[in-house]
Amino acid sequence: MPSLYHYLSLSALLFCIGIFGALTRRNAIGILMAIELLFNAVNINFVAFARFIDPQAIVGQVFTIFVITIAAAEAAVGLAIIILIYRQHKGVDVDKVNIMKW
Amino acid sequence: MIEYVWLIPLLPLIGFVINGILGRRLGKTLVSLIGCGTIGVSFLISVKILFELLSLPAEHRIIERVVFPWIYSGLFKVNVSFLLDPLSCVMILVVSGVGFFIHVYSIGYMGEDKGFARFFSFMNLFVFFMLTLVLSNNFLLLYLGWEGVGLCSYLLIGFWYEKKSASDAAKKAFIVNRIGDFGFALGIMLIFWTFGTLNYSDVFLQAPSILTLGGGLATAITLLLFAGAVGKSAQIPLYVWLPDAMEGPTPVSALIHAATMVTAGVYMVARCHVLFQLAPFTMGLVAVIGAVTALYTASIGMVQNDIKRVLAYSTISQLGYMFLGCGVGAFASGIFHLMTHAFFKALLFLGAGCVMHALSGELNMQKMGELKNKLPVTFWTMFAAVLAISGIPLFSGFFSKDEILWKAFSQGNLILWIIGLVTAGMTAFYMFRLFFLTFFGKSRVDESIKSHIHESPKIMIVPLMVLAVLSVIGGYIGVPKSLGGGNNFESFLSPVFGEKGEIALHPASTEYLLMALSVVVALLGIFFAYRFYIKSPDLPKSLAQRFSFPYKLLLNKYYVDELYFKIVVNPLLKFATFLWQFFDVKVIDGIANGLANTVNWFAGIGRKVQTGYVRNYALGMVFGVLLILAYFILR
Amino acid sequence: MDLSLIDINWQVITPQIILAVFGFVLLLLEAFLPKDKKGILPHLAWIGIALSFFFSVNLFGSGFSGFNGMALADNFALFFSFIFLISSFLVVLLSISFLKREEQVRGDYYALLLFATLGMMLMASSFDLIVIFLGLEIVSVSLYILSGFRKKDPKSNEASMKFFLMGSFATSFLIFGIALIYGNFGTTNLEKILFLAPFSGVFAGASEFLLYAGIGFLIVGFGFKIASVPFHMWMPDVFEGAPTPIAGFISAGPKAAGFAALLRIFLLAFSSIKPDWTLIFWILAVLSMTTGNLLALWQTNLKRLLAYSSIAHGGYILIAFVSGSNSAISGVLFYLSAYILMNLGAFAVIISMGSKEKEGTDLYKEYAGAGLKNPFLGVFMAIFMLSLAGFPPTAGFFAKFYIFSSAIKSGYLGLVIIAVINSLISVYYYLRVIVYMFMRPSAEEVKPVSIPFSLGLVILLTGIGILALGILPQELLNLAYNSIF
């Protein structure tokens, strides 16, 4: 039976992978996926905490539902934005999108 | 009328609002009527209030009036309220009175300018802030006025903003002043931190019990406050902005940079005399900085050719006198000199304005001369002012300047007294140099202008006459006891500064001796000026040559003059030029510019961090996260 | 879970419900209204905001709460609601002529504005981290869309993309932080956390580090919202690229909402362990104001300049978190009220200076001498700049004054000295705008502009508000003082 710490470690690992992905991917879609990974790492955390420490075991699960919903909403908006970028730049390489700086 | 003291600052503010918003549509007559009228009425109210104060017994002459509650937060309570006492009464009279005449003068002087309405609205705004500054009964309102006059000074120096030199000068004035204001703001914060209040009366009442005489806290507070005064009143090392400030229109120089705003520092020191007297170190510093500034800038004034610059350096020097007076504890004398100086220096500037007006804006004194007959009124009125500032007996400057010197001497500050005395001689020299170069000798005016030299219109001449009368008689309200006067001025101010018995260390005969001595020194200065600029009419030209070729001696028929020149004047001139060109221009300006450049350089590097790549932004964020986590781990 | 235990109190959330209803109505009308009738949409929007404001005023002082502390109507929440509603109201006015100019009069724009306002109100009016998070996301998602509203403009697209990527990245940190806090206390209710925080860790063997990591991640998440250095980098780019009214909106409401949540979380829930996190806020404050001011020195694009100025102002406000006293909190409330006025006023001037072809943001080309050609805009811009720089007698002066003086009272003199030096630096770039407007010969293309009524109204209202607060700050300060949680 895995303990809380196993779940926390898994979540931390996923979170780190997500950060790594967000920092290294140049493809906007890739970054979006990395961010989804970050959200899911958090979800694991919430569910694990709800299971192990919350006597009512409800807040964490509710929060997870909220996070999933919002991740979906963000993905929808994000994809729309990325499509706009694609139309302008004929590509989704974020490093090519830097008119504004300094 | 005392109930209506709030009208005094309010009226100029109304003038500012009307002229500022509707100025362009009103036409010049209405604008000048509003601009001068509001201040004129303020002046009348001030006069009425003076008489009402005089009718009260001396101990009841300190009146506070709350206009409306301003900020109440917890312990912190500040009202918009005015303090009417002999000191502020003198100040409002000077500000509104001299201000009024300068406004009237401006109607003529600025008549052709396209920014006529803008000029009057800024001037009114300035008067409003200045009156607020002197009438305030707490440090916060004082600070508001203090920053406000600084802002107006900035706007008015840069009035002719198309000229690069003008906008540069405005910037310089503003930046240098901010350095002083920074100290001033800290000083006010420290006062609040110490006393828990910003009201003058509460602070001064508690000061003797909370602060110890000569203690660190008292010294720190007064030093910080004095830093503000040094900036605003253009003392060493922050005086550099004032000569450049002459880029503004001449009435601005007269009102802001001679008569009123620059004296705010003196006023503030006098107002806080309770605090300053608890810090002997600061008092010493005030006196020394005042004396050194007086001497230093007077020496620079001796070599300038720009008529307004001479007056600017002279203003700094006279402000030095006032600080000398405050520093040796003679606050009343400092304020007395402030008042007489306001009269004669405003007059000198306005006179210089008339000369410029006549000569199509010529500022170089080497291109003037022989204007005595062409500008008779200007000549005679400026003569009164020159005599007054040189300290010739019976003129106002004599009484006030001698008062300060006498106080310095009787306090035992022999060196400061000698510095003051030497400066008095130099003052007489450069003022008469200015006077002689402008009005006497052969005309050196450009041929093209020569034909239409004319006296200024009446509207400019009348203020000159009024100020000339004041320059002559203004001193009689403060004739010292030893000369048979009652020193009414000092006793009028005594509710503020306290009754100080004359120190009987020195007999009256000493005072007479010193007076005689200072008169002699002044006459000596005049004599030298006469030798150089009248008796040998072409000496000014050779003098000018000597500026550019100091080593090249010319054959000269006036061998005596040559000797004087070589032994006394030349080293002094060279030293003064050195000070002016090296210390002034290189060191002090260099430091200010260097600071600004360093900041800019850092900013230039820093903005490169903002690369525009979104991944770098994320990296910055992760960096921040790691720092925070590291903090919690290593803590 | 027993549903009967949920205390349902619709009254508490009437202002939010009104906004939601109006938002949906606007969306529907956008779909079904013929094109020539769309002029009424903005009026519908501001009417909704005004109604919501009216109900908020009615709730003031009631101290109601409902839904087990998930919705509050305490004075703190309502004070922030006023700030949000006023800023949104002004932004709607700003948008009317802007959208007309862009030929983009659309209902979804106003609907998104209303939803964002609703989200901000949720952030300020809840004891529960879930609702705070939900509110924050409603704001964020609406703003991602709004900042990309000029679909054909590559700058606007770029702003939207950067905002979105950075924003969701920051959100992940925020929720990770919330998860860790939840793991420590077994609850996301701030009132319960306030009670539990001194005995950190309810479950056996919970390491203190998890709690602190949670706190750190929360700071990151909200630090992004309030654009504190080093989480600020999105802001200049988003300001520059987003439609001007939206840039103004972002600088006002969402920032204030971030501060509202931060205040409630750190100065209420975590107040008992304040010594543990004070230093972080100290550093963030110093970094934000220094970086913001230094980088603003170089900017010639006014929107970008205001972005950096906004970062610096965030730094000043963070000082209040270091001092943490009640007077500091009321100082924050005052500061934010003053800040939305002066910032939106400045943005209103920028919009007035722009046209369909150009944005009206280039200091050198579009502002040189403009103050003389447009005295109304010039004078008010000068007021806004002086207020941002903190000159008396404007609201900006007292805003700084209250925060600085509360920090001095709490003994953080060093921080205040840094802040004062910073505001001295800031004087340079604010005054430069005035100098350019009044003291430079005007460029050829600078012409007198005609100011639409709604824009003129905003400029006038904000300008008068700033001066009124600068001369008589007492009333608002009393209100702020009574609104501390």
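All of the numbers you see were taken from the coordinates with simple rules; none came from a lab. On a predicted model such as this, the values are computed, not experimentally measured, just so you know. Cβ placement follows ideal geometry from the backbone for every residue including glycine, while neighbour counts extend to all protein chains displayed.
Computed from the alpha carbon positions, the gyration tensor of the stretch C:218-343 leads to an equivalent ellipsoid with semi-axes of 25, 15, 12 Å, biggest first. Legend: ranking of residues B:R271, C:R432 from fewest to most surrounding C-beta atoms inside 10 Å; resulting order C:R432, B:R271.
Residues C:D128, B:D202, C:D36, B:D402, arranged from fewest to most other Cβ atoms within 10 angstrom of their Cβ, appear as C:D36, B:D202, C:D128, B:D402.
Under the classification rounded if a/c is under 1.5, otherwise prolate if a/b is larger than b/c and oblate if not, where does the stretch B:41-138 fall, given a ≥ b ≥ c as square roots of the Cα gyration tensor eigenvalues? It comes out oblate by the Cα gyration axes.
Filter the GluC sites (Glu not before Pro) in the stretch C:287-374 to those in DSSP coil with at most 12 other Cβ atoms within 10 Å of their Cβ, and list the result. For GluC sites (Glu not before Pro) across the stretch C:287-374 that sit outside H, G, I, E and B with at most 12 neighbouring Cβ atoms in 10 Å, the list reads C:E357.
Across chain C, the convex hull enclosing all Cα atoms gives 132 Å³ per residue.
Values of log10 I(q)/I(0) for chain B across q = 0.05, 0.12 Å⁻¹ run -0.23, -1.26, by the Debye formula with one identical scatterer at each alpha carbon and no solvent. Residues whose amide H lies under 5 Å from that of B:I63, counting only those 5 or more places away or on a different chain, are B:L84, B:D85; hydrogens are built 1.01 Å from N in the peptide plane.
Could you point to the residue in B:I534, B:L626, C:V349 farthest towards the positive end of the protein assembly as shown's charge dipole, with +1 and -1 charges on the Cβ of Lys/Arg and Asp/Glu respectively? Working it through, the farthest residue towards the positive pole turns out to be B:I534. The slack between C:K152 and C:I8, meaning 0.36 nm per residue of separation minus the straight C-alpha distance, is 47.3 nm. Overall size of the stretch A:4-89 from C-alpha positions, given as principal axis extents largest first: 52, 23, 8 Å. Look at where the Cα atoms of the stretch C:56-73 and of the stretch C:96-111 average out, and the two centres are 34 Å apart.
Straight-line cross-link partners of B:K374 among the aspartates and glutamates, defined as a Cα under 12 Å from its Cα and at least 8 positions apart when in the same chain: B:E455. Under the combined filter of DSSP loop state and at most 11 neighbouring Cβ atoms within 10 Å, chain A retains these trypsin sites (Lys or Arg not before Pro): A:K90. Close amide H partners of C:N68, meaning residues 5 or more places away or on another chain with modelled amide H under 5 Å apart, are C:D7.
Please give me the summed charge of the neighbours of C:L297: other residues whose Cβ is under 10 Å from its Cβ, Lys and Arg +1, Asp and Glu -1. Spell out each step's value before the answer.
Working: positive: B:R607, C:R432; negative: none.
In short, +2.
Compute the Rg/Rh shape ratio of the stretch B:297-439: radius of gyration over Kirkwood radius, all on alpha-carbon atoms. Across the stretch B:297-439, the Cα-based Rg/Rh ratio is 1.00. Evaluated at q = 0.10 Å⁻¹, the base-10 log of the normalised Debye intensity for the stretch C:274-485, with identical point scatterers placed on the Cα atoms, takes the values -0.43.
Here is the link list: B:K163/B:K458; C:K100/C:K151; A:K96/C:K100; B:K372/B:K407; B:K114/C:K303; B:K345/B:K367. Which ones come out longer than 26 Å on Cα distance? Distance filter (> 26 Å) returns B:K163/B:K458; A:K96/C:K100; B:K372/B:K407; B:K114/C:K303. In order along the stretch C:262-268, the Karplus-derived 3J(HN,Hα) couplings, from 6.51 cos²θ - 1.76 cosθ + 1.60 at θ = phi - 60°, round to 4, 4, 5, 6, 8, 8, 10 Hz, and Gly and Pro are given as x.
Hydrodynamic estimate: the Kirkwood radius of the stretch B:269-368 over Cα pairs, inserted into Stokes-Einstein at 37 °C and 0.692 mPa s, corresponds to D of 224 µm²/s.
Which of B:W70, B:W241, C:W10, B:W380 has the fewest other C-beta atoms within 10 Å, and how do the rest follow up to the most?
So the ranking, lowest neighbour count to highest, is C:W10, B:W380, B:W70, B:W241.
Only DSSP H runs of four or more residues enter the estimate; each adds -39500 (n - 2.57), and after division by the residues of chain B the mean residue ellipticity at 222 nm equals -23000 deg cm²/dmol. Estimated from helices alone, the mean residue ellipticity of chain C at 222 nm is -24500 deg cm²/dmol (sum of -39500 (n - 2.57) over DSSP H runs with n ≥ 4, per residue).
For chain C, the longest principal axis of the Cα atoms and the long axis of helix C:326-353 meet at an angle of about 30 degrees. Under Stokes-Einstein, with the Kirkwood radius over Cα pairs as Rh, the value for the protein assembly as shown at 20 °C and 1.002 mPa s is 65 µm²/s.
From the alpha carbon centroid of the stretch C:405-438 to that of the stretch B:63-132 is 26 Å.
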